[in-house]
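Everything below concerns the one structure shown next.
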Amino acid sequence: MIYAVSDLHGCYEKYIKVLEKIQFRETDTLYVLGDVVDRGDGGIKILLDMIQRKNVIPLRGNHDYLAYCLLKNLSQPLQKQDTHEIQNLYQSWFYDGGYPTYTAFVKLPPEKQKMLLAYLNVFLLYDEVKVKGKRFFLSHTVPEKERMLHFDRLNWQELIVGEPEYEKEYFPERYLVTGHTPTDLIDESCSGRIYQKNSHIAIDCGAVFGNPLGCICLNTLEEFYAQ
């Protein structure tokens, strides 16, 4: 079976519960559609679990990318003129939930820090899979429909911070599977649940804000939740 989950944001216990709920096996595949870290305090712990599982495929979210960029700077000497700018970047990151990630990372031994940075650096931007005749495009997010129709012209950042048009069907024979935007901001009736409309499957249920962590099976489109 092929599953997808997104926006774990450090919710380690919910992540483990989802794996138990779907009875995740070595023959299964789990796509994690970004934003593993920040806000919650278990992001580094989740990464350490993911890196050991060859059947977990990580996609890059905006929080993962920013964490990588700033954490790799910890071991690099700063030029005096860069100090103020870097401090501002760290303050902005901490304000947006990066502090738990930072504090957990700096407690790791250097070899594990290096291992996690290498792992974060190879997160995919997107992937495409075909399951039982259905085609799925998976990414942290996507931009508006017109931009996706000219995919070869996209900036890569649009797949980590883009704003989808959920009311529009992008492709007649392909599902979009994304996270990034909590589903209650897409449709209030989907609060804490997965959104499935217009061939768009949005799976960020806002787990870090007290809602369940949602997971979908691409083989069956069955939804699973861990509170």
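Among residues of segment 99-117 that are closer than 13 Å to I51 by Cβ, those with a beta-carbon under 9 Å from a residue that is open to solvent by 60 Å² or more (accessible area, probe 1.4 Å) and of a type in the set (D, E, K, R) at least six positions away or on a different chain give the pairs L117/K72.
Do you know which of the residues in segment 92-117 that are of a type in the set (A, V, I, L, M) and more than 18 Å from the chain's Cα centre (by Cα) is nearest to K45 (Cα to Cα)?
A104
Within segment 153-167, one or more residues are open to solvent by 60 Å² or more (accessible area, probe 1.4 Å) and within 16 Å of Q196 (Cβ to Cβ). Taken over segment 96-139, the residue count meeting the criterion of being on the phi < 0 side of the Ramachandran plot, of a type in the set (G, A, S) and surrounded by 18 or more Cβ atoms within 10 Å (Cβ to Cβ) is 3. Is there a residue in segment 62-75 that is surrounded by 21 or more Cβ atoms within 10 Å (Cβ to Cβ), touching a strand residue (DSSP E or B) at 6+ places or on another chain (Cβ under 6 Å) and of a type in the set (A, V, I, L, M, F, W, C)? No - not one qualifying residue is present in segment 62-75. Scan segment 131-176 for residues that are among the aliphatic types (A, V, I, L, M), over 16 Å from S6 (Cα atoms) and touching a residue at least 12 places away in the same chain (Cβ under 8 Å) and jot them down. Residues satisfying the conditions are V131, M148, L149.
Does C205 satisfy the criteria of being open to solvent by less than 40 Å² (accessible area, probe 1.4 Å), touching a helix residue (DSSP H, G or I) at 6+ places or on another chain (Cβ under 8 Å) and within 20 Å of G34 (Cα to Cα)? It is true that C205 is open to solvent by less than 40 Å² (accessible area, probe 1.4 Å), touching a helix residue (DSSP H, G or I) at 6+ places or on another chain (Cβ under 8 Å) and within 20 Å of G34 (Cα to Cα). Taking V129 and the conditions (1) in a strand (DSSP E or B); (2) under 18 Å from V36 (Cα atoms), which numbered condition does it fall short on, given that it satisfies the others? Condition not satisfied by V129: (2). In the set (1) among the small types (G, A, S); (2) in contact with a Lys or Arg (Cβ under 9 Å, 6 or more places away or on another chain); (3) assigned to a helix (DSSP H, G or I), G10 fails one condition alone, (3). Test N55 against the criterion of being touching a strand residue (DSSP E or B) at 6+ places or on another chain (Cβ under 6 Å), closer than 27 Å to M1 by Cα, surrounded by fewer than 19 Cβ atoms within 10 Å (Cβ to Cβ) and touching a residue at least 12 places away in the same chain (Cβ under 8 Å), and give yes or no. Yes; evaluated as a whole, the condition is true for this residue.
Residue count for segment 26-54, restricted to those that are polar (S, T, N, Q) and within 13 Å of G10 (Cα to Cα): 0.
The values are calculated or read from the model by the stated rules, or taken from the named source; none is laboratory data. Quick caveat, the model's predicted, so the values are computed rather than measured. Positions of Cβ are generated from backbone atoms using ideal geometry, with glycine treated the same way; all protein chains shown enter the neighbour counts. Remember, those area values only see protein heavy atoms, side chains included, never the ligands or the DNA or RNA. Shrake-Rupley method; radii C 1.70, N 1.55, O 1.52, S 1.80 Å.
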